[in-house]
1. In Å and on Cα atoms, what radius of gyration and Dmax does the stretch A:93-132 show?
2. Which whole number gives the average, over all residues in A:135-146, of C-beta atoms from other chains lying within 10 Å of the residue C-beta?
3. Percent of Cα-Cα pairs more than 18 Å apart in the stretch B:96-173, please.
4. In a Gaussian network model over chain B where Cα atoms closer than 10 Å are linked, find which of B:Lys284, B:Lys221, B:Lys34 has the largest mean-square fluctuation.
5. Whenever you get a sec, line up A:Met431, A:Met38 from highest to lowest accessible area (probe 1.4 Å, protein heavy atoms).
6. Return the carbon/sulfur percentage of the accessible area of the protein assembly as shown, one whole number, probe 1.4 Å, all protein chains in place.
7. Could you run the numbers on buried accessible area between B and A, total for both chains, 1.4 angstrom probe, in Å² to the nearest 100?
8. For the full complex of protein chains and a 1.4 angstrom probe, list A:Thr103, A:Thr129 by accessible area with the highest value first.
Amino acid sequence: MNTPAHVLMKEFIPYLEKPSAKWYAWVAILVIIALFGMYALIRQMIDGQIITGMRDNAVWGIYTANFVFFMGLSYAGALISCSFQLLRIKWAKPVLRIAELITVSSLIVGAPYILFCLGRLDRIHFLFTHGRIQSPITWDVIAISTDLVFCIAFLYFTHIRDFAKLRDASDFNVAPWRKKMYSILALGYKGTPVQKKYLHQAHDIMAAIIIPTAVIAYSLLSLLFSMSLKPGWHSTIFSPYFVVTAGYSGLALLIVVMWIYRKNRKLEKHITNLHFNYFAFGLIILTFIYAYFSFSEYLTQWYNQTKTFETLLNNLVNFSQFGWLSLFHIVFAFIVPVIILGFPWFRSINSVTLVSAFIVLALWVKRYLIVVPPLENPFIPIQDVRPEYVNYSVSWVEWALSISGIAVMILIFTVASKIAPIIPVSEVADMHNEEKPKLLFKTKGE
Amino acid sequence: MNRINKSITSSFAILAPIFFLLLCPENFAKTAAKKERTRLKTYYFKEADGNRKISIALTAGSGKKMHGVKNGTVELTATLNDSTINLAVIETDTLGEAELYLASNYVLPMDEDGKCFLEVSYNGNDTYRSASRSLEIIDIDLEFEFRVEDSVKYLGVIANRINAEGEKAPVEELSIDIGVERLFSVLPIGEMETDEDGFAELEIPDNIPGDAEGELRFVAKIEDHDEFGTVTKTAENNWGAPVDYTIKPLARQLFTDEAPLWMIIAVFIILLGAWYHFFLSISKLVKLKKAGKAS
């Protein structure tokens with residue numbers, strides 16, 4: 001057989017065959033970083049949270065910032081891949097798998113961060129045995145676990161056709177167990193019209209349910225903050241603000257990962273200038289929406305400020321407190337994207353990617369600014385406490401677990417792109433000779 | 001020459017005292033000042049618990065320049081059958097005020113009609129003149145009577161003066177203010193006047209906010225009467241509209257033992273909908289696998 005899909009698959013097979021020494025070395029580095037994070041976690045469990053920067057006043061720190069950040073990335077990935085699937089947008093097909101992988105990997109990496117904030121991690125099962133349905137924490141557990149299962153399922157659905165191709169590929173030299181694995185995972189897919197129909201239906205159903213699930217999950221995440229009576233948190237626009245921030249950071253990361261794979265795997269033919277162009281356009285729209293939400297949020301706090309709000313806002317612009325972080329956030333989440341993405345003569349694949357990388361960083365900083373300053377400035381300040389307990393500072397344990405989280409996310413990408421092509425080969429091959437899209441549901445008329 | 005000397009001598013004789021006075025005005029003031037006139041004001045209060053209070057204000061000066069005389073010694077005496085009885089010697093405070101409290105069981109000297117003749121006097125000193133003030137007091141007793149007729153609530157008060165033998169006699173044409181005790185003051189409800197039996201009655205509205213059980217504390221007050229002074233009497237009754245004043249902590253709506261029903265239903269529906277679609281898509285895969293086997 002020499003179908004376009006098989007031809008295209010041949011292009012990717014070298015990346016899927018026996019890993020090179022370089023690949024093993026890269027994986028080893030990532031595993032070592034991940035293990036270092038594991039060591040930090042074990043130390044934290046043995047010594048307690050005293051070895052973190054979290055104290056009585058600032059009970060959350062970069063663990064929570066990481067949690068919000070990674071959850072946001074996962075939401076954006078899910079939204080992009082599922083909405084593009086439902087809307088039958090063909091041009092985006094080559095990058096949809098990257099978006100799906102961002103979703104699943106960031107969910108796997110991000111979800112545990114909230115658990116690291118627990119003082120008694122050994123009592124984690126109490127969350128299930130004594131969980132209260134009226135607690136935002138319980139909502140989060142339910143929503144995130146549901147979202148994770150759905151996203152993994154969706155990722156798998158999009159792989160089925162490629163697994164079938166790899167199962168059938170005669171010149172694919174891999175270990176027999178991998179062949180058997182592909183055979184099992186392909187579910188006997190042979191590309192018959194009936195199977196295509198069922199697979200499309202499964203795809204569409206999952207895509208349709210993941211979008212609201214992800215929106216709900218991320219909105220619920222924002223409720224963890226906005227349900228609390230804290231300055232800077234108790235805000236009605238937090239849910240949509242979080243959702244927009246998630247989309248903004250997720251799209252920026254997608255561009256960065258697209259660029260990496262494009263360079264690394266020489267995918268210029270598949271991940272083209274068009275993708276960067278279109279996504280840059282999406283990014284500039286999100287920049288303005290994000291700026292609008294941020295402006296609304298801070299303006300209302302500033303306009304009728306109480307003493308506590310005044311202190312909080314002063315700390316956010318005070319360069320001995322959070323001023324530098326705020327400036328970084330403003331410059332790289334608002335100003336630079338508008339300048340670089342807004343003017344055609346600044347726009348290029350590299351500049352768009354660079355701006356996206358800074359947006360990702362700036363939005364991590366934003367999450368830090370959401371979490372820490374309000375905790376340090378409560379309505380009722382903590383009394384009779386050591387001065388070093390009032391303010392938050394990141395400890396090596398927290399840095400180790402944060403860096404190891406990034407390593408694990410990269411590791412998931414590295415392994416996943418070794419199991420299956422990083423672009424959905426079957427989908428891309430069918431892109432140009434697909435039959436007319438069928439209606440999602442029956443409508444009266446033509 | 002002699003004439004000139006005489007003129008100078010006589011001029012000096014006239015001007016010297018003027019210069020002296022101008023250079024030492026304090027001496028002039030002291031020598032020239034008269035003692036300030038003083039005034040005494042007395043008020044008699046009978047509180048709801050039967051304790052009494054005689055309030056004295058000692059002031060000096062005139063018009064707008066009136067001021068209290070501090071640390072003034074005031075004597076309180078009672079006159080009975082031409083004999084004077086010393087009751088108390090009290091000192092005014094910095095505002096020129098002094099108060100004498102009489103316990104409910106202390107019997108003031110009174111004549112057979114129940115009249116007590118008191119005299120408050122201030123002997124004066126180098127600065128202030130003496131002053132005195134007489135005060136006639138008759139002890140009065142107020143009794144409450146609550147009555148409901150055709151669902152209308154009436155509050156009655158019986159006013160009796162008490163003589164030395166403890167016998168009561170009704171007081172007629174006595175104006176009594178009725179009110180309800182609130183947190184900081186008395187809420188006026190109405191004014192009434194006693195009849196020949198010393199009785200007066202007032203209709204009480206139904207909608208006066210009471211405590212959680214509707215309890216009200218009614219206050220009957222005779223205000224600054226020439227004979228009785230200011231007399232207050234209180235009584236409690238549950239004629240008020242019950243109001244729970246307990247300040248509940250601001251409700252944290254989800255800090256409850258059980259989740260609200262709407263939330264349980266909403267979560268159930270959302271989860272059911274989501275997982276239904278999940279298993280629906282899984283069923284498509286099952287069909288896909290079966291279709292593969294069939295082909």
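The values are calculated or read from the model by the stated rules, or taken from the named source; none is laboratory data. Just so it is clear, the structure is predicted and the values come from calculations on it, not from any experiment. FYI the Cβ positions are ideal-geometry reconstructions off the backbone, even for glycines, and counts take in every protein chain you see. The area values use the complete protein model at the heavy-atom level, side chains included, leaving out ligands, DNA and RNA. Shrake-Rupley method; radii C 1.70, N 1.55, O 1.52, S 1.80 Å.
1. Cα only, the stretch A:93-132: 15.2, 45 Å (Rg, Dmax).
2. Mean partner shielding for this stretch: 2.
3. Summing the P(r) of the stretch B:96-173 above 18 Å gives 62 percent of all pairs.
4. Largest GNM mean-square fluctuation: B:Lys284.
5. The ranking, largest first, comes out as A:Met38, A:Met431.
6. Answer for the protein assembly as shown: carbon and sulfur cover 62 percent of the accessible area.
7. Adding both sides of the contact gives about 2300 Å².
8. A:Thr129, A:Thr103
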